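Heads up, the thing below is written out as structure tokens.
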Amino acid sequence: MGMQAGWARGVGVGVAVVVALAGSGAALALPTYTVTVVASPSQLEGANPAAVNDQGQVAGSYKEQGVDPWQWRIWFWDNGPISKLHDATTGVRQTYGVGLSNDGTVAGYSVDGADPWASRPLVCFDTDADGVPDTVERLGSFGGNQGAGHGVNAAGHVTGYSEDAGGVKRAFLWVDGNGNQQYDAGELTDIGDLVAGGEAEGRSLSDDDVVVGVAEGDIGYGFTLKKGFVWGDEDGDGTPEMIELGSLDPSSAFRPAKPCAISASNGFAVGSGDNADGDERACMWTDTDGDGVPEPDTITSLGTLGGWATAWGVNSLGMAVGSSYDTTESTTHGFLYAEGSLTDINELLIGATDWEVTQCADISDTGYILASASYQGQSGYVLRLDPVADLIPEPCTLALLGTGAIGLLTRRRRR
């Protein structure tokens with residue numbers, strides 16, 4: 001077993017321990033990373049990396065070479081050849097990959113060629129169980145012209161949005177009720193709104209179907225503004241409800257914070273919002289009562305590399321990634337937030353002096369980070385950053401915690 005494999009198994013076994021130790025004062029090593037090249041600019045033109053799962057598989061979108069430059073396709077990488085997927089529905093010109101589950105299911109959307117404003121949410125299944133998605137299935141709609149899938153969880157449930165007949169975006173949860181890997185009538189559920197009849201859009205969901213996204217919220221005097229929300233069973237009555245998430249500047253209704261992602265478990269959500277000075281900052285909401293639903297008033301700023309900052313992904317350990325403007329070098333760099341501080345990811349790379357990571361798009365529970373980068377000044381590379389440091393506390397720390405912690409270590413997390 002190599003160092004990376006050992007680290008991944010350690011994290012898979014010890015998520016519960018690390019979360020339990022968060023308030024115990026136990027020091028966790030800040031990981032370092034080696035670089036794995038997923039794709040070069042010549043392999044995937046205009047590649048947009050979207051998501052990485054616990055196996056290190058990666059998905060996103062790219063611009064098909066040699067054809068109309070607006071013909072986009074989904075790409076999927078499984079530690080080897082790149083697979084390319086497209087919605088073969090007649091008239092479809094663009095297909096985008098946005099979310100990725102641990103079994104290789106991809107969520108996204110496709111756009112019609114005849115009407116560039118007509119789109120449908122979709123999911124790509126692995127129908128032959130070889131770990132690679134091979135079948136594109138369009139999901140339904142609420143009667144409108146547009147829709148998109150954004151997030152998919154371990155159970156294959158999808159969130160996103162679909163317009164109703166009046167053209168209003170409605171956040172949805174799709175569950176394959178009969179397990180046939182097809183869309184059937186009635187499987188798309190409207191998850192509500194913050195303002196009656198207002199727009200809402202799901203962006204990400206946990207393994208327990210807790211959804212985060214943006215929705216129209218009341219700011220007074222009959223006006224609304226897009227605000228962050230979480231949809232989950234916060235009050236424990238068995239019925240999920242949509243709740244407005246708090247902002248970095250609660251004194252102003254005009255500076256809402258908007259989430260981009262929620263962790264698979266443990267209720268961490270991240271995104272961005274403006275602070276009291278009007279500066280965009282990466283932020284995080286946390287779950288304080290163990291129900292997997294981030295509390296609205298727990299929002300904290302994650303810091304910055306000097307300028308604006310946005311968090312794009314978070315794992316079940318509360319480690320977050322994103323991008324920030326580095327005022328020292330006058331450029332945008334990817335970052336890792338861990339151990340209470342935000343660090344330029346380039347400072348954590350081993351043997352990668354010719355690489356410059358400009359954005360971190362996602363992070364898995366096993367610590368893989370999906371990134372965009374330039375190599376010797378040429379942009380357009382997609383990287384997977386592989387951790388080489390162990391996040392599980394040293395044996396002496398576990399000894400101090402007693403056999404209770406050892407018991408937690410034996411409870412492997414499955415997705």
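What number of residues within the range 148-181 are under 26 Å from residue 313 (Cβ atoms), assigned to a strand (DSSP E or B) and not basic (Lys, Arg)?
Residues that pass the stated criteria total 14.
Among the listed residues 331, 288, 298, identify the single one that is surrounded by fewer than 18 Cβ atoms within 10 Å (Cβ to Cβ), farther than 27 Å from residue 55 by Cβ and at pLDDT below 95.
331
Got at least one residue in the range 120-130 being crowded, with 17+ Cβ neighbours inside 10 Å and touching a His at 6+ places or on another chain (Cβ under 6 Å)?
Within the range 120-130, none of the residues are crowded, with 17+ Cβ neighbours inside 10 Å and touching a His at 6+ places or on another chain (Cβ under 6 Å).
Just to check your reading of the model, which residue among 209, 289, 249, 277 is within 30 Å of residue 339 (Cβ to Cβ), within 20 Å of the chain's Cα centre (by Cα) and part of a loop (DSSP other than H, G, I, E, B)?
209
If you take the residues in the range 292-316 that are touching a strand residue (DSSP E or B) at 6+ places or on another chain (Cβ under 8 Å) and assigned to a loop (DSSP other than H, G, I, E, B), which one is nearest to residue 356 (Cα to Cα)?
Out of the qualifying residues, it is 305.
Return only the number of the condition from (1) modelled with pLDDT under 95; (2) of a type outside the set (Asp, Glu); (3) surrounded by 18 or more Cβ atoms within 10 Å (Cβ to Cβ); (4) more than 20 Å from the chain's Cα centre (by Cα) that residue 257 does not satisfy.
Exception for residue 257: condition (4).
Collect the residues in the range 84-115 that are without any contact (Cβ under 8 Å) to a residue 40 or more places away in the chain, of a type in the set (Val, Ile, Thr) and surrounded by fewer than 19 Cβ atoms within 10 Å (Cβ to Cβ), keeping them in residue-number order.
Selection gives 90 alone.
Spot the failing condition for residue 196; the list is (1) more than 18 Å from the chain's Cα centre (by Cα); (2) surrounded by 14 or more Cβ atoms within 10 Å (Cβ to Cβ); (3) farther than 20 Å from residue 125 by Cβ, and only one is missed.
Unmet condition: (2).
Given 102, 145, which one is in a loop (DSSP other than H, G, I, E, B) and not hydrophobic (A, V, I, L, M, F, W, C)?
It is 102.
Looking only at residues that are part of a strand (DSSP E or B) and within 12 Å of residue 385 (Cα to Cα) in the range 336-355, which one is nearest to the chain's Cα centre (by Cα)?
My answer is 336.
The values are calculated or read from the model by the stated rules, or taken from the named source; none is laboratory data. Keep in mind it's a predicted model, so treat the numbers as computed, not measured. Every residue, glycine as well, gets a Cβ built from its backbone with ideal geometry; the counts of neighbours run over all protein chains shown.
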